[in-house]
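Chemist: Take this structure first; my questions come after.
FYI, it's all coordinate maths here, none of it is from the lab. Just so it is clear, the model here is predicted, and its values are computed rather than measured. Note that each Cβ is placed from the backbone with ideal geometry, even for glycine, and that neighbours are counted across all protein chains shown.
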Ligand SMILES: *Cc1c(COP(=O)(O)O)cnc(C)c1O
């Protein structure tokens with residue numbers, strides 16, 4: 001078992017997986033024939049793309065891998081969102097969408113979440129747009145949309161590409177992979193950073209129609225023809241193939257998430273119904289920034305967002321049971337100090 005405790009720091013601020021990657025990833029690294037590094041890796045059709053296609057029951061032509069889903073997403077913005085019309089995404093979501101729009105000079109419109117911090121797809125369907133990108137389940141709220149809702153969005157918004165960023169989807173009970181077989185304008189992006197515990201390897205991928213994957217490949221190759229290294233391809237493929245380890249660690253994280261949510265709820269916190277590997281929590285009598293700083297002082301790292309509407313919340317990644325016990329005990333201690341309990 002590996003822990004993300006470095007020194008005495010408990011790192012619950014980046015949604016990293018507290019368990020190490022599959023031991024089979026280690027086997028690949030140990031057995032890797034380094035002499036093969038004299039050759040360039042395959043341009044496409046790598047063993048990783050094959051493994052992904054097989055795992056999800058799609059064709060290899062429907063898969064494109066890259067160095068992190070951040071890279072894949074950045075290429076998507078270049079390939080699909082390059083128009084004069086605004087790209088739509090929620091006002092509270094993954095912060096990089098805005099960064100890529102600014103970087104590429106793409107106009108965008110941030111669509112406010114509802115008062116319960118949910119996405120109402122009608123707000124998107126009714127607007128002319130140059131594309132839509134939605135994290136599902138959303139971050140940092142953790143709330144997911146059902147497949148029927150995604151289908152409604154994709155089927156009614158046919159004039160532009162809809163990207164569903166499924167960075168956390170393995171911790172939920174949904175996946176829009178099947179919808180990509182039905183809708184040409186839907187592209188999903190995934191990462192091995194969270195559920196496969198490979199944030200340090202930098203591997204992500206997209207699944208979509210052949211048309212979208214070809215357009216994305218063309219955009220990617222205009223930058224750099226050799227996106228993933230030979231070592232990364234083999235290690236990532238091993239992680240994708242080790243379904244048992246993946247299931248066991250994901251289930252454990254979900255169990256820890258649900259137990260932690262229950263404990264916090266009993267302490268008076270209000271939590272969103274998170275389907276991810278993090279919890280999003282608020283308390284009417286607690287100043288979130290103050291709690292964040294208190295925890296920081298105890299070497300427990302969580303996320304605080306100074307953004308309007310969510311500045312009363314703390315986002316905490318789900319670590320091991322031991323991490324979460326220390327976290328909860330420290331929050332209790334804070335509450336006692338502040339006379340909240
Ligand atoms: C973590 C995350 C990513 C990036 O994943 P990488 O593959 O590590 O770049 C993309 N989107 C969302 C919503 C994320 O949370």
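Chemist: Label the range 105-178 by shape, choosing from rounded, prolate and oblate, from the square roots a ≥ b ≥ c of the eigenvalues of the Cα gyration tensor; if a/c is under 1.5 it is rounded, and otherwise prolate applies when a/b is larger than b/c, oblate when it is not. Walk me through the numbers before you get to the answer.
Modeler: Values: a/c = 1.58, a/b = 1.31, b/c = 1.21.
Here the range 105-178 falls in the prolate category.
Chemist: Would you mind classifying the range 60-206 by shape? Square roots of the alpha carbon gyration tensor eigenvalues, ordered a ≥ b ≥ c; an a/c under 1.5 is rounded, otherwise it is prolate if a/b is larger than b/c and oblate if not. Write out the running numbers ahead of the final one.
Modeler: Numbers: a/c = 1.31, a/b = 1.18, b/c = 1.11.
Here the range 60-206 falls in the rounded category.
Chemist: Next question. Would you list 32, 81, 269, 171 from fewest to most Cβ contacts within 10 Å? Mind showing how you got there, number by number?
Modeler: On the way: 32 14, 81 26, 269 19, 171 23.
Final ranking by Cβ density, sparse to dense: 32, 269, 171, 81.
Chemist: Over the chain, what is the mean sequence separation of C-alpha contacts under 8 Å (at least six apart), divided by residue count, expressed as relative contact order in percent?
Modeler: 24
Chemist: I would also like to ask the following. Using a/c under 1.5 as the rounded threshold, could you call the range 220-280 rounded, prolate or oblate? The axes a ≥ b ≥ c are square roots of the C-alpha gyration tensor eigenvalues, and prolate needs a/b larger than b/c, oblate otherwise. The partial results should precede the final answer.
Modeler: Numbers: a/c = 5.60, a/b = 2.16, b/c = 2.59.
Cα axes put the range 220-280 in the oblate bin.
Chemist: Can you pull the Rg over Rh of the chain, Cα-only, Kirkwood?
Modeler: Details: Rg = 20.5 Å, Rh = 21.0 Å.
My calculation of the ratio gives 0.98.
Chemist: Beta carbons within 10 angstrom, averaged per residue: use that to sort the peptides 111-122, 157-168, highest first. Mind dumping the intermediate values first?
Modeler: Details: 111-122: 15.6, 157-168: 22.1.
In decreasing order of mean packing, 111-122, 157-168 become 157-168, 111-122.
Chemist: Hey, fewest Cβ within 10 Å first, where do 260, 282 land in order? Don't skip to the end; give the middle numbers.
Modeler: Working: 260 23, 282 15.
Final ranking by Cβ density, sparse to dense: 282, 260.
Chemist: Here is a follow-up. Summarise the long-distance tail of P(r) for the range 289-341 by giving the % of C-alpha pairs beyond 15 Å. Walk me through the numbers before you get to the answer.
Modeler: Values: 670 of 1378 pairs.
Tail fraction, whole percent: 49.
Chemist: Counting other beta carbons within 10 Å of each residue's own, what order do 313, 40 fall into, fewest first? Walk me through the numbers on the way to the answer.
Modeler: Numbers: 313 26, 40 10.
So the ranking, lowest neighbour count to highest, is 40, 313.
Chemist: Still on this structure, I have one more. Set the Förster radius R0 to 30 Å, insert the Cβ-Cβ distance between residue 128 and residue 95 as r into 1/(1 + (r/R0)^6), and round the FRET efficiency to 0.05. It would help to have the intermediate numbers written out before the result.
Modeler: Details: r = 25 Å, r/R0 = 0.82.
With a Förster radius of 30 Å, E is 0.75.
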